[in-house]
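No lab work stands behind these numbers, since they all come straight from the coordinates. Predicted model only: the values in this text are computed from it and were never measured. Neighbour counts are summed over all protein chains in view; Cβ atoms, including those assigned to glycine, are modelled from backbone coordinates with ideal geometry.
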Amino acid sequence: MEGAKTFHTIDEYIVQFPDDVQEILKTVRNVIKAAAPEASERISYQMPTFAMHGNLVHFAAYKNHIGFYPTQRGISAFEEALSDYKRSKGAVQFPLNKPIPYEVISQIVTFRVKENIEKAAAKAKKK
């Protein structure tokens, strides 16, 4: 993708958006940090990503929504809470013109942390 901006930090990613979207992205980031304080931040697939024993979640801003990517299990485990939102196997879209469900994001991140810790423990046990 010629001319596409490459981001190295979540701060670099966030600063490119209008102030109102920046505020939402910062809040999403803080909610994820609070739910996964041990997770590390990085850019993956040119999106803000939190990782802990592998990727936990990605998020990104688009023209009309915030995309949240908690993997397929993160979506399916919260099917009911996410029923009002457009979603696919591993992603959900939170429209910018509606309140962002930060509490649900927090619950999904907590679920994903537990899932990744269990996966890492099972892998370590096999060795």
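For segment 87-127, which residues satisfy the criterion of being of a type in the set (D, E, K, R) and touching a residue at least 24 places away in the same chain (Cβ under 8 Å)?
112, 115, 119, listed by residue number.
When residue 73 is tested against (1) surrounded by 15 or more Cβ atoms within 10 Å (Cβ to Cβ); (2) under 13 Å from residue 111 (Cα atoms), just one condition goes unmet, and that condition is (1). Residue 38 meets the conditions (1) within 19 Å of residue 93 (Cα to Cα); (2) surrounded by fewer than 12 Cβ atoms within 10 Å (Cβ to Cβ) in every case but one. The failed one is (1).
One line per residue, one yes/no per condition, for (1) farther than 12 Å from residue 109 by Cβ; (2) in contact with a strand residue (DSSP E or B) (Cβ under 8 Å, 6 or more places away or on another chain); (3) charged (D, E, K, R):
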position	(1), (2), (3)
11	yes, no, yes
14	yes, yes, no
19	yes, no, yes
22	yes, no, no
26	yes, no, yes
34	no, no, no
37	no, no, no
43	yes, yes, no
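Applying a threshold of 9 Å to beta carbon distances and a minimum spacing of six or more residues, or different chains, the list of pairs starting in segment 4-15 at a residue that is under 18 Å from residue 39 (Cβ atoms) and ending at one that is surrounded by 10 or more Cβ atoms within 10 Å (Cβ to Cβ) and among the acidic types (Asp, Glu) reads 9/41; 10/41.
Here is a yes/no grid of residues against (1) surrounded by 12 or more Cβ atoms within 10 Å (Cβ to Cβ); (2) among the aromatic types (Phe, Trp, Tyr):
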| site | (1), (2) |
| --- | --- |
| 10 | yes, no |
| 20 | no, no |
| 29 | yes, no |
| 42 | yes, no |
| 50 | yes, yes |
| 59 | yes, yes |
| 77 | yes, no |
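Mind listing whichever residues of segment 91-109 are surrounded by fewer than 15 Cβ atoms within 10 Å (Cβ to Cβ) and not basic (Lys, Arg)? Of everything in segment 91-109, those that are surrounded by fewer than 15 Cβ atoms within 10 Å (Cβ to Cβ) and not basic (Lys, Arg) turn out to be 95, 97, 99, 103. On inspection, residue 80 fails the criterion of being touching a residue at least 12 places away in the same chain (Cβ under 8 Å) and charged (D, E, K, R).
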